[in-house]
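The block underneath contains the structure these notes are about, expressed in structure tokens.
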Amino acid sequence: MVNNMKSFIVTSIVIIVCFIFIVFKGIGIGEESITSTYDDEQEGLNEQIVINFSHVVAENTPKGLAAQKFSNLVQEKTEGKVKVEVFPNGELYSDSDELQALIRGEVEMIAPSFSNITPYETEWLVLDLPFLFKDDDHVEKVLNGEIGKKLLGEIKNRDVKGLAFWPNGFKQMTSNKGPLIEPVDFRGLRFRIMPSKGLEEQFRMLGARTNVMPFNQVYRNFETRYIDGGENTISNIYSKRFYTVQEYMTLSNHGYLGYAVLINQAFWDSLSKDIQEAIIVAMDETTDWLFEHNVEINEQQLRAIRNGSDIQIHELTEEERKKWIDFFEPMYKEHAIKYGDKWLTEILELSAKTHIGK
């Protein structure tokens with residue numbers, strides 16, 4: 001009796017196991033179905049080239065918009081073979097460490113400001129001279145012309161390749177301590193600057209103290225009033241809401257903020273010629289678009305600041321502007337002595353040729 005019961009239990013278990021196997025086999029939970037099923041949308045993704053593009057400003061700035069446009073154009077012109085992943089707002093790296101990350105190959109593309117290049121390429125300090133550029137037309141002729149190509153060529157020995165110069169706009173002064181109308185108004189104030197000997201000297205001449213800090217730390221230091229003021233473009237003042245933590249802004253157009261779009265050289269060399277050509281075409285189209293629209297972007301955002309904030313805005317008169325220009329004149333002579341006047345002469349001559357005048 002006991003043996004019969006044991007046989008019945010064993011037989012029942014075998015039947016149940018077989019039934020479960022048949023059911024699961026039928027609904028696809030077998031060995032074959034564990035492997036991925038074919039999906040034509042996934043075809044070729046293993047071969048897709050991904051370019052990680054890191055930058056530190058907001059997506060609604062000239063650089064942010066250009067980065068996204070470039071990404072779209074590369075996708076289109078390579079028929080999906082290359083995907084540009086854009087990481088804005090310093091998500092991957094701050095402006096103080098992005099260039100070294102690019103050199104090490106930890107990211108494929110960045111677009112640092114001129115000033116962040118100057119610790120590595122001292123000849124670029126010429127671009128930080130106050131009142132070097134006379135207007136946006138002059139900027140485009142310099143950066144998007146032969147001078148720009150030559151300057152980009154200067155950085156080829158740092159394991160990076162220069163692809164283009166992107167514009168942002170002229171810089172303005174902001175402060176919490178009072179209007180900045182004459183050079184004397186800067187004395188004793190603490191200003192955030194980018195890491196540039198040229199900018200450090202500029203504010204030293206004004207009698208101000210300087211503090212170099214990453215861009216993503218500026219708002220907090222304005223808010224706590226550890227920093228009294230800074231210089232930045234309208235688009236950055238707007239997108240980072242600096243106008244909410246600064247009380248005064250002077251439309252000075254004293255300096256220019258632009259970017260060098262760089263790619264890791266080893267990564268670039270690993271790409272096929274047709275992919276390189278497609279990227280260059282996409283970059284050229286993006287650069288032309290940005291030079292056409294960056295002024296409009298800054299003007300729209302200046303109107304938004306005027307209409308949506310209490311910040312006091314002063315625009316330099318011609319007489320006030322001349323005082324600033326005359327004040328900074330010794331910097332030109334000093335720059336020529338320290339670094340040579342090759343680029344300075346070429347840039348100023350180009351200004352004269354375009355009938356802008358100094």
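The values are calculated or read from the model by the stated rules, or taken from the named source; none is laboratory data. Note that the structure is a prediction, hence the values are computed from the model and not measured. So basically every Cβ, Gly included, is an ideal-geometry build from the backbone, and we count neighbours across all protein chains shown.
If you check SER252, SER270, which single one turns out to be surrounded by fewer than 23 Cβ atoms within 10 Å (Cβ to Cβ), more than 30 Å from GLY308 (Cβ to Cβ), at pLDDT 95 or above and among the hydroxyl-bearing types (Ser, Thr, Tyr)?
Working: SER252 fails: more than 30 Å from GLY308 (Cβ to Cβ).
SER270 is the lone residue from the list that is surrounded by fewer than 23 Cβ atoms within 10 Å (Cβ to Cβ), more than 30 Å from GLY308 (Cβ to Cβ), at pLDDT 95 or above and among the hydroxyl-bearing types (Ser, Thr, Tyr).
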Scan the stretch 250-270 and report the pairs whose first residue is within 18 Å of GLU154 (Cβ to Cβ) and whose second residue is at pLDDT 95 or above and among the acidic types (Asp, Glu), with Cβ atoms within less than 7 Å and a gap of 6+ or a chain change.
ILE263/GLU108; ASN264/GLU108
Starting from residues that are within 18 Å of the chain's Cα centre (by Cα), β-branched (Val, Ile, Thr) and assigned to a helix (DSSP H, G or I), keep the ones in the stretch 94-138 and report whichever is nearest to ASN52 (Cα to Cα).
ILE103
Going through the stretch 95-147 one residue at a time, which ones are among the aromatic types (Phe, Trp, Tyr), out of contact with any His (no Cβ under 9 Å at 6 or more places or on another chain) and at pLDDT 95 or above?
PHE133
Here are some conditions: (1) of a type in the set (S, T, N, Q); (2) without any contact (Cβ under 8 Å) to a residue 12 or more places away in the chain; (3) over 24 Å from ASN144 (Cβ atoms). GLN300 meets all but one. Which one does it not meet?
(3)
Tell me, please, whether a residue that is among the charged types (D, E, K, R), buried (at least 16 other Cβ atoms within 10 Å of the Cβ) and under 17 Å from the mean Cα position of the chain (by Cα) can be found in the stretch 159-173.
yes
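Which of the residues that make up the stretch 183-213 are among the hydrophobic types (A, V, I, L, M, F, W, C) and in a helix (DSSP H, G or I)? Reasoning before the result, please.
First, pick out the residues of the stretch 183-213 that are among the hydrophobic types (A, V, I, L, M, F, W, C): 184, 186, 189, 191, 193-194, 199, 203, 205-206, 208, 212-213.
Within the stretch 183-213, VAL184, PHE186, LEU199, PHE203, MET205 qualify.
Residue-by-condition table, conditions (1) free of Cβ contacts under 8 Å to residues at least 24 places away in the same chain; (2) of a type outside the set (Val, Ile, Thr):
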position: ARG104; (1), (2): yes, yes
position: ASN116; (1), (2): no, yes
position: ASP159; (1), (2): no, yes
position: GLY178; (1), (2): no, yes
position: VAL184; (1), (2): yes, no
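Mind listing whichever residues of the stretch 311-325 are in contact with a strand residue (DSSP E or B) (Cβ under 7 Å, 6 or more places away or on another chain) and either exposed (fewer than 13 other Cβ atoms within 10 Å of the Cβ) or acidic (Asp, Glu) (or both)?
The first filter runs over the stretch 311-325 and keeps only residues in contact with a strand residue (DSSP E or B) (Cβ under 7 Å, 6 or more places away or on another chain), leaving 311-316, 324.
GLU315 - this is the single residue of the stretch 311-325 that is in contact with a strand residue (DSSP E or B) (Cβ under 7 Å, 6 or more places away or on another chain) and either exposed (fewer than 13 other Cβ atoms within 10 Å of the Cβ) or acidic (Asp, Glu) (or both).
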Unmet criterion (only one of (1) surrounded by fewer than 20 Cβ atoms within 10 Å (Cβ to Cβ); (2) within 16 Å of the chain's Cα centre (by Cα)) for LYS83:
(2)
Is it the case that the stretch 348-356 has a residue that's assigned to a helix (DSSP H, G or I) and at pLDDT 95 or above?
no
Just to be sure I understand, how many residues within the stretch 303-337 are in a helix (DSSP H, G or I) and free of Cβ contacts under 8 Å to residues at least 12 places away in the same chain?
12
